[in-house]
1. Residue 35: of a type in the set (S, T, N, Q) and at pLDDT below 95, yes or no?
2. Among (1) under 16 Å from residue 69 (Cβ atoms); (2) open to solvent by less than 30 Å² (accessible area, probe 1.4 Å), which single condition is residue 41 missing?
3. Quick one: what pairs do we get from the range 67-83, first residue free of Cβ contacts under 8 Å to residues at least 60 places away in the same chain, second in a loop (DSSP other than H, G, I, E, B) and acidic (Asp, Glu), C-beta under 8 Å, 6+ apart or different chains?
4. So which residues in the range 1-38 are surrounded by 16 or more Cβ atoms within 10 Å (Cβ to Cβ) and either charged (D, E, K, R) or in a loop (DSSP other than H, G, I, E, B) (or both), if there are any at all?
Amino acid sequence: MLQAISGAKMLGATKIIGIDKNEMKREKGEAFGMTDFIKAGDSAKSVSELVKEMSGGMGVDYSFECSGVAPLLTESVEATKVVSFTSWSSFVI
């Protein structure tokens with residue numbers, strides 16, 4: 001996760017949302033450039049719903065799933081904006 005945060009910051013991302021079950025990872029993520037943090041499991045809402053709320057309801061332009069856990073890949077895809085002809089969004093597995 002830290003490499004994805006660092007790369008996003010280097011490429012000019014202004015909002016970088018980190019997600020983890022472990023609250024202790026927040027501080028390290030912030031040191032690498034993370035701007036927002038979601039502690040997974042703290043809400044009745046899905047992680048993708050929380051990400052969409054934090055991104056104005058549309059979802060994020062890019063989503064990086066770094067754990068390799070299959071259900072989280074689905075959340076990552078669902079948190080990403082729908083591709084249109086005027087705006088391309090991506091997710092990375």
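1. So residue 35 does not fit the description; no.
2. Residue 41 satisfies all of (1) under 16 Å from residue 69 (Cβ atoms); (2) open to solvent by less than 30 Å² (accessible area, probe 1.4 Å) except (2).
3. Between residues of the range 67-83 that are free of Cβ contacts under 8 Å to residues at least 60 places away in the same chain and residues that are in a loop (DSSP other than H, G, I, E, B) and acidic (Asp, Glu), the close pairs are 72/65; 73/65; 75/65; 76/65; 80/61; 81/61.
4. Of everything in the range 1-38, those that are surrounded by 16 or more Cβ atoms within 10 Å (Cβ to Cβ) and either charged (D, E, K, R) or in a loop (DSSP other than H, G, I, E, B) (or both) turn out to be 1, 13, 16, 20, 25, 26, 33, 34, 35, 36.
The values are calculated or read from the model by the stated rules, or taken from the named source; none is laboratory data. These numbers come from a predicted model, not from an experiment. FYI the Cβ positions are ideal-geometry reconstructions off the backbone, even for glycines, and counts take in every protein chain you see. The accessibility values were calculated without ligands, DNA or RNA, using every heavy atom of the protein model including side chains. Shrake-Rupley method; radii C 1.70, N 1.55, O 1.52, S 1.80 Å.
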